[in-house]
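A short write-up of the structure that comes next.
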Amino acid sequence: MTELSGGPTLVQERRVVTAIPGPKSQELMARKQASVAGGVGTVLPVFARRAGGGVLEDVDGNSFIDFGSGIAVTSVGNSAEAVVRRATEQLNDFTHTCAMVAPYEPYVQVCEELAALTPGDHAKKSALFNSGAEAVENAVKVARAHTGRQAVVVFDHGYHGRTNLTMALTSKNMPYKHSFGPFAPEVYRVPVAYPYRWLTGPENCAEEAAAQAIDQITKQIGADNVAAIIIEPVLGEGGFIVPAKGFLPRIQQFARDNGIVFVADEIQSGFCRTGQWFACEDEGLVPDLITTAKGIAGGLPLAAVTGRAEIMDSAHSGGLGGTYGGNPVACAAAIGSIETMRELDLPAKARRIEEIMKPRLEKIAEQSGVIGEVRGRGAMLAIELVKPGGKEPDPEATAALAKACHQQGLLVLTTGTYGNVVRFLPPLVIGEDLLNEGLDILEDALSGL
């Protein structure tokens with residue numbers, strides 16, 4: 001299988017021709033360590049040369065099966081034809097004017113697409129930014145302007161970014177918050193319905209978690225002080241947690257009953273990743289605001305806040321924006337990315353990936369004795385590793401498993417509040433042969449732990 005792209009076709013095969021990392025990557029890593037801040041970490045110790053379809057090729061000629069998609073960014077592939085073509089055409093016209101100085105049609109087109117694609121048939125408007133953290137931060141600004149309130153409610157295991165406010169919203173200390181405080185005030189955290197780790201069992205999880213969350217909001221904060229409730233419909237960095245059915249609708253209804261802006265953070269789960277355009281569609285949720293980034297533009301930096309027109313218009317003129325927000329090249333790429341998603345029916349591709357991967361993962365889990373749960377939807381899947389005989393997280397085995405996969409030419413990512421989850425985010429255009437080969441590598445690596 002090959003992928004048409006802006007450059008030479010990239011053969012869709014795994015190929016390990018040197019030790020990992022190879023000599024050229026080692027040389028580049030030495031240069032990185034000498035010139036790049038130590039806080040910028042590296043998952044896979046190789047340097048990319050080309051990528052596309054379902055593979056990533058490094059500077060030494062090794063070709064890795066990609067189960068990461070740049071953290072759910074390159075869902076349409078790293079060099080999708082429509083993305084490359086539209087971005088190139090825009091580059092030839094102009095790279096920047098600043099949308100707040102001299103606007104341009106691609107910005108408007110992206111906002112029109114977002115209005116059409118996001119859940120609900122109400123009037124919608126959008127504002128464009130550069131990153132997911134910016135989108136979340138601006139959603140908070142809009143909610144506060146709309147409600148005249150200050151408090152923001154988030155959930156255990158949630159992740160929302162690395163800026164000061166979004167670090168406050170994020171629940172995990174290392175590596176996201178440690179030593180970086182103090183953080184923004186008026187942020188409150190409540191329980192989430194995490195079925196695998198709910199003490200009274202998954203069957204009670206949705207009802208009890210919602211009741212506890214609502215009780216804490218009511219008694220500790222006061223519902224009439226809350227501007228926004230923000231939640232990921234599938235929690236990403238927390239470990240690909242799928243909240244128990246019924247939890248999200250109940251939280252949304254509570255928000256609606258109390259004049260609170262309900263914000264769905266779809267930065268990792270959006271744009272076909274879970275088998276629907278947006279993960280919140282699974283239970284029929286229609287958020288007041290939805291934040292997007294990652295998969296929106298095929299790898300170029302773009303993010304958005306989309307929501308009810310009357311809420312989005314609450315901010316005063318000039319209150320939203322940024323010098324690079326909605327860059328024209330990124331907007332052109334987003335138009336190409338959405339075009340690709342439609343033409344290839346990538347929601348269906350994501351569902352097909354689940355059909356292939358989830359049964360294999362469940363079979364591997366039965367045989368391994370160290371996988372506590374297989375979970376996720378579409379092409380957003382994960383395994384949680386635990387010590388044999390219980391549910392104690394095993395981050396050491398998780399790290400060892402990821403490293404073993406890397407050595408054999410499979411790029412996987414770890415995640416989770418306890419550092420014990422391996423997540424799978426293959427490009428939605430990956431070939432089924434590569435999916436199965438990657439699962440073979442994972443199975444072999446697990447047997448060697």
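What follows draws every value from the coordinates through simple rules; no lab data is involved. Note that this is a predicted model, so its numbers are computed, not measured. Cβ coordinates were reconstructed from backbone atoms using ideal geometry, including for glycine residues, and neighbour counts include every protein chain displayed.
Results, tabulated for the structure shown:
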| item | result |
| --- | --- |
| Principal axis dimensions, the range 3-74 - Cα atoms, whole angstrom, descending | 36, 27, 21 |
| At most 13 other Cβ within 10 Å, DSSP loop - chymotrypsin sites (Phe, Trp or Tyr not before Pro), the range 24-118 | 94 |
| Relative contact order (%) - criterion: Cα under 8 Å, at least six apart; region: the chain | 22 |
| Computed magnitude of the charge dipole of the range 83-343 (debye, nearest 20; Cβ of K, R +1, Cβ of D, E -1) | 560 |
| Mean ellipticity per residue at 222 nm, deg cm²/dmol - from DSSP H runs of n ≥ 4 across the chain, formula -39500 (n - 2.57) | -11000 deg cm²/dmol |
| Residue of 319, 416, 39 that the Gaussian network model of the chain assigns the largest fluctuation, springs spanning Cα pairs under 10 Å | 39 |
| Size of charge dipole - the chain - debye, nearest 20, with Cβ of Lys, Arg +1 and Asp, Glu -1, no other charges | 860 |
| Choice from 126, 35, 75 with maximal GNM fluctuation in the chain (Cα, 10 Å cutoff) | 35 |
| Cα-based Kirkwood hydrodynamic radius, the range 122-223, one decimal, Å | 15.3 |
| Taking all pairs of distinct alpha-carbon atoms in the range 83-343, Kirkwood radius in angstrom | 18.6 |
| Listed residue (334, 117, 199) projecting farthest to the positive dipole end of the range 83-343, Cβ model | 199 |
| Geometric extent, Cα atoms of the chain - Rg, Dmax (angstrom) | 21.5, 62 |
| Candidates 407, 252, 33: whichever shows maximal mean-square fluctuation once the chain is modelled as a Gaussian network with Cα springs under 10 Å | 33 |
| DSSP bridge orientation in the chain - percent antiparallel, rounded to nearest 5 | 70 |
| Rounded, prolate or oblate (a/c below 1.5 giving rounded, otherwise prolate when a/b exceeds b/c) for the range 175-315 by Cα gyration tensor | rounded |
| Taking all pairs of distinct alpha-carbon atoms in the range 303-417, Kirkwood radius in angstrom | 18.2 |
